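Chemist: If you scroll down you'll find the structure; I have some questions about it.
The values are calculated or read from the model by the stated rules, or taken from the named source; none is laboratory data. What you see is a predicted model, and the numbers here were worked out from it, not measured in a lab. Areas reflect the complete protein model, heavy atoms only, side chains present, ligands, DNA and RNA absent. Shrake-Rupley method; radii C 1.70, N 1.55, O 1.52, S 1.80 Å.
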Amino acid sequence: MKATITASARYLPERILTNSDLEKMVDTSDEWIRTRTGIVTRHIVAEGQASSHMATHVANTLLERSGSDPDEIEVIIVATVTPDMLFPATAALVQNNIGATNAWGFDLSGACTGFLYALETGSRLIQSGGYKKVMVIGVDTMSSILDFTDRNTCVLFGDGAGGVLLEPSENSYGFIDSILHTDGSGGAYLLMPGGGSLHPPTHETVDKRMHYIRQDGKIVFKFAVKGMAEVCADILERNGISGKEIKLFIPHQANKRIIDAAAKRCGLTDDQVLININKYGNTTAATIPIGLDEAVEEKRLKTGDLLLLAAFGAGFTWGSMLFRWGFDS
Ligand code: ACO
């Protein structure tokens, strides 16, 4: 039994933060941000809006687009590093908000690779034969953990959510293969040190700015270029597929230069690669499902097309997935 994506959805908060807005907040420039990252604008939540609110928008759209009743949903997996609270899980908040009374669910912490980890988990649940409707959502409210006095990190991220509904495939299309990795030795290069059981919140952790994201950008960049390019090449080779056969490559959107390196390694041309980092920045677990929903809206995928997904992020975590698309978008 193959798992297939039967609906997609995205949600971006209304407020837009531009590079010129950031020029007024830290010592940076529109030119530096555009040329080093490809980012021009990013969306930021309204006051009081959190990950569960964005994820609920996505879940409701998935119900609507798939014509599913809330009580038909069996599992809700939410990939996020910015849950509303440490517990209860954001998935539980979404489950209640949409009235999915028969669903169980959980949050999954895989940073920028979180959506791929969640998509793998959801696909395998469908493939087990035990489940017929699994929602997989990637959401992050990065603005809640950004230090808006640190130019090294605050210009890179944005808020947003995206998701898909997975169901058993009625044709032979759907999930083909995945390669997923974790290398915890990279943990120190990209992290939020405070707020967990090691450094619970205290006045000292707040004073030391430990509840904000910290990144050694240069080292992460080096590993991301290598990791994402290799894992894309590996999945194509393992499945005997050439770059030319890929209809669309939707990579995690952390830096345009990282994406270009992976595309080049696989021999992909610009028209095969989805790029939206200019509009949204890095929305962590949400980048891939947001891109996928845009591709569906722009009718870039037809039945039988090969879709390649890839990501790299904190952990380190990275991976790639291959799908044969199951319907004409
Ligand atoms: N504006 C102006 N100057 C800046 C800014 C800024 N916003 N940020 C950094 N600089 C300065 C630095 O201080 C440095 O100055 P110095 O040479 O005087 O020390 C200079 O620019 C160059 O800095 P680099 O770090 O060499 O710049 P680089 O070209 O590497 O780009 C970037 C930095 C964009 C962060 C890049 O390294 C990158 O994209 N890294 C990977 C990010 C990533 O993939 N993260 C993983 C996913 S995130 C997740 O999992 C949650």
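Chemist: Determine the per residue accessible area of region 3-171 with all protein chains present and a 1.4 angstrom probe, expressed in square angstrom.
Modeler: Accessible surface, normalised per residue, equals 40 Å².
Chemist: Right, here's the next one. Hey, any idea what % of the chain's accessible area is carbon plus sulfur with a 1.4 Å probe?
Modeler: The value for the chain is 51 percent carbon and sulfur by accessible area.
Chemist: Let me ask something else about it. Based only on Cα atoms, what Rg/Rh ratio does region 197-329 have, Rh being taken as Kirkwood's radius?
Modeler: The Rg/Rh ratio comes out at 1.07.
Chemist: With Kirkwood's inverse mean 1/r over C-alpha pairs for Rh, give me the Rg to Rh ratio of the chain, two decimals please.
Modeler: 0.95
Chemist: Now a separate question. Residue by residue, what Karplus-based ³J(HN,Hα) values in Hz, rounded to whole numbers, does region 5-18 have, using 6.51, -1.76 and 1.60 with θ = phi - 60° and x for Gly and Pro?
Modeler: Once θ is set to phi - 60°, the couplings for region 5-18 become 7, 10, 7, 9, 7, 9, 9, 10, x, 5, 5, 10, 10, 9 Hz.
Chemist: Moving to a separate point now. Calculate, for region 175-324, the solvent-accessible area per residue in square angstrom, rolling a 1.4 angstrom probe over the heavy atoms of the protein chains.
Modeler: Accessible area per residue, region 175-324: 44 Å².
Chemist: Expressed as a fraction of 2.2 N^0.38 Å, the rule-of-thumb size for a compact globular protein of N residues, what is the C-alpha radius of gyration of region 141-230?
Modeler: Region 141-230 yields a ratio of 1.47.
Chemist: Binning at 10 Å from 0, report for region 75-204 what percent of all alpha-carbon pair distances ends up in each bin.
Modeler: P(r) over region 75-204, rounded to whole percents: 11, 36, 33, 16, 4, 0.
Chemist: Still on this structure, I have one more. Could you work out which residue, out of D207, D147, D27, moves most in a Gaussian network model of the chain, that is, has the largest mean-square fluctuation with Cα springs under 10 Å?
Modeler: Evaluated over the chain, the most mobile residue of the options is D207.
Chemist: Shifting gears a bit: Select from N282, N102, N152 the residue whose mean-square fluctuation is largest in a Gaussian network model of the chain (Cα-Cα springs shorter than 10 Å).
Modeler: Among N282, N102, N152, the largest mean-square fluctuation in the Gaussian network model of the chain belongs to N102.
Chemist: Further question: Pull up the DSSP beta bridges for the chain and report the antiparallel fraction as a percent, rounded to 5.
Modeler: Within the chain, antiparallel bridges account for around 70 percent of the total.
Chemist: If you find the alpha carbon centre of region 75-127 and of region 253-329, how far apart are they in angstrom?
Modeler: 21
Chemist: Sticking to Cα atoms, compute the Rg of region 222-280 to one decimal and its Dmax as the biggest Cα-Cα distance, whole number, in Å.
Modeler: My reading of the Cα-based Rg and Dmax gives 11.0, 34 Å.
Chemist: Please list, ordered by chain and number, the residues whose modelled amide H lies under 5 Å from the amide H of A50; skip anything fewer than 5 residues away on the same chain.
Modeler: The answer is none.
Chemist: On alpha carbon coordinates alone, what is the Rg over Rh value for region 11-166, Rh being the Kirkwood radius?
Modeler: Taking Rg over the Kirkwood Rh, I get 1.04.
Chemist: Determine the calculated [θ] at 222 nm for the chain from helices alone, applying -39500 (n - 2.57) to every DSSP H run no shorter than 4 residues and normalising by the residue count; nearest 500 deg cm²/dmol.
Modeler: -9500 deg cm²/dmol
Chemist: Where both residues lie in region 175-324, what percent of DSSP beta bridges are antiparallel, nearest 5?
Modeler: 75
Chemist: Then there's this: What helices in the chain pass both tests, a Cα length along the helix axis of 18 Å or more and a mean Kyte hydropathy of -0.5 or higher, using whole DSSP H runs?
Modeler: Helices meeting the criterion: 51-66, 114-127, 217-238.
Chemist: Going down the table (K132/K226; K132/K222; K132/K218; K2/K264; K132/K247), which pairs top 32 Å between alpha carbons?
Modeler: Long pairs (Cα-Cα over 32 Å): K132/K226; K132/K222; K132/K218.
Chemist: Run the reach check for K24 against aspartates and glutamates, Cα to Cα strictly under 16 Å, same-chain hits fewer than 8 apart removed. What comes back?
Modeler: Those aspartates and glutamates meeting the cut-off are D147, D150.
Chemist: Of the candidates M192, M25, M135, which one comes out as most mobile in a Gaussian network treatment of the chain with C-alpha springs shorter than 10 Å?
Modeler: Looking only at M192, M25, M135, the biggest GNM fluctuation is shown by M25.
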